[in-house]
1. At 1.4 Å probe size, with the rest of the protein present, what percent of the exposed accessible area of the chain is carbon and sulfur atoms?
2. Give the shape of the stretch 1-78 as rounded, prolate or oblate, defined through the alpha-carbon gyration tensor: a ≥ b ≥ c are the square roots of its eigenvalues, a/c under 1.5 means rounded, and otherwise the shape is prolate if a/b is larger than b/c and oblate if not.
3. Take the alpha carbon gyration tensor of the stretch 72-137, find the square roots of its eigenvalues, order them as a ≥ b ≥ c, and report rounded if a/c is under 1.5; if not, report prolate when a/b exceeds b/c, else oblate.
4. 5 Å is the cut-off here: which amide hydrogens, built 1.01 Å from N in the peptide plane, fall below it relative to HIS372, excluding neighbours closer than 5 in sequence?
5. How would you order 363-371, 169-177 from highest to lowest mean count of nearby Cβ atoms within 10 Å?
6. Pairs of Cα atoms under 8 Å, at least six residues apart: use those to get the relative contact order of the chain, whole percent.
7. Under the rule of -39500 (n - 2.57) per DSSP H run of 4 or more residues, summed and divided by the residues of the chain, what mean residue ellipticity at 222 nm is obtained, to the nearest 500 deg cm²/dmol?
8. Ranked highest first by the average count of other Cβ atoms within 10 Å around their residues, in what order do 279-288, 320-329 fall?
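The values are calculated or read from the model by the stated rules, or taken from the named source; none is laboratory data. Being a predicted model, the structure only gives us computed values, none of them experimental. As a convention, Cβ positions derive from the backbone with ideal geometry for all residues, glycine included, and neighbour counts pool all protein chains shown. Note: areas computed on protein heavy atoms with side chains; ligands, DNA, RNA excluded. Shrake-Rupley method; radii C 1.70, N 1.55, O 1.52, S 1.80 Å.
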Amino acid sequence: MTAAIRTKLSAMMFLEFFIWGSWFVTLGTYLLKDLKTSGIEVGAAVTTQSIGAIVAPFIIGLIADKFFSAQKILGVLHLLGGALLWWASTASNFSAFYPVILVYMILYMPTLALVNSVSFRQMQNPSKEFPPIRVLGTIGWIVAGVLISYLNWDKQGGEAALVNTFKMASIASIILGLFSFTLPATPPVKRGENVSVGDMLGLDAIGLLKNKSYLIFFIASIAICVPLAFYYGFANPFFQEAGMHATTVTQSLGQVSEILFMVMIPFFFVRLGVKKMLAVGMLAWALRYVLFAYGDAGSNYWMLIAGIVLHGVCYDFFFVTGQIYTDNLAGERFKSAAQGFITLATYGVGMLIGSLIAGQIVDNYKTSDTAHNWQTIWLIPAGIAAVVLVLFLLLFKDKNHMEANPALNLDEQRDMRLDV
C-alpha cells in the first residue's frame, strides 16, 4: 500500500467518525433542552442507530456487494447524508426531526462497513495495516468533541448552540462524500451472484449457537447492550445537569481510554482468556454506572471522570474480545457472516431494546422540567449489568483451550471446531 493510499484511507476514516461524533454525543442534550422532548423521544432518536444497523446489511448485500463500487456508494450516501443533517438542523420540534434523522441513520450505518471494505481491499496484511488507519476514526471522534467544547456549543447553563453540531457534521459529510470519489476503486465482489437474506444478515453463522458457551455469550451480548444504551442516550444530559463544564470534550476521554486499552488487548487476552476478559468488561459497565450514580461536580467529580475513562475497559474488554472470540469459533468459511450476526444482535436488537427502556426510565425519574433523579436512573443499568455478569459467570464455560487462547495454530483450531 502506497503512502498516498494510506493517507487517503486515514483521512476517510477520520471524517467518517468525525461526522458521527459531531452530533451523536450531544443528541440527548439537544433534544431535551432545545426541542423540549421527553426521555422516551430521546430513546426513540437513539434507536435510529439500531434501525440503521438492522437495515445496513441489506444495503451492503443488495447494492455494494453486487452492483456498484464501494467508494462510489460511500460518496453518494454521504452526500445525501450531508443534506439530511442540514435539514435536521432546521427542525423546530421532534415530529419534524425524527423522520429526517431516521432516514439519515439508515444511510449512515452502512457506511461503517463500506469504509472497512474500501480499506481492506487495499491491504496485503490487514492485521498490521488496518489498526493505524482505524485509529484515525477514534481520533476524528475525539476532535469533534474538542471542537464542540472549544466553540462553547455545549456550555452548561444559558443558551447552548448545539444545533450547530448538525451543521458541522453536514459540512464534513459533504466533504467526505466528494472525497470518496477519489478513493481507490473497490468494485463489487459478488456481481452476478445470488445473495440470500441469510447471507446478508450473517444467518449462516447461526450454527455457532449450538455451542452452549457461545449461546451464553450471544445472549449476554444482547443483554449488556441494554445498559449501554443509557450511556449513549443520556450521559451528556446527565453531565450537563450535574454541572460539568465542557461536557463533550470531557466525554472524549472515553475514546482516549479506548485507544489505550485497545493496544493492551493482546497482553490481557493471553493472560486472562476469554471468560475473564468478558467478565471484566461487564463488571466495568456496572462500576461506571455506580460511579455516575454517586458522582457530582464537587468533591466527587473524580467519580464522573473515572466512569468516563472506564469506557475503554467497557468497550474493548467486552465487544472487541467478543469479536475475537466469535472470529476464532467461526472458522474461515463463516468469519464475515459471524461478525455480521453478532453486530446485528448487539447494535441492532440489544441497543434497540435498551434505548426504548432507557427513555422510559429517565422519564419516570424526572423531578422537574430540567432535572432528574440521576442516582436512581444510573443504579438501574448498573443492576442490569451486574445481573448479566453473575449469570454469565455461572453459565459460561471455556469448553476448550481454543476459546481461551486464540494463539493456537490453524490445525489445532480446526480439530477443536469439529468437537463443537
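1. 66
2. It is oblate, given that a/c is not under 1.5 and a/b is not larger than b/c.
3. prolate
4. Those qualifying (amide H under 5 Å, at least 5 residues apart or on another chain) are THR367.
5. 169-177, 363-371
6. Computed value for the chain: 25 percent relative contact order.
7. -24000 deg cm²/dmol
8. For the peptides 279-288, 320-329, the packing ranking is 279-288, 320-329.
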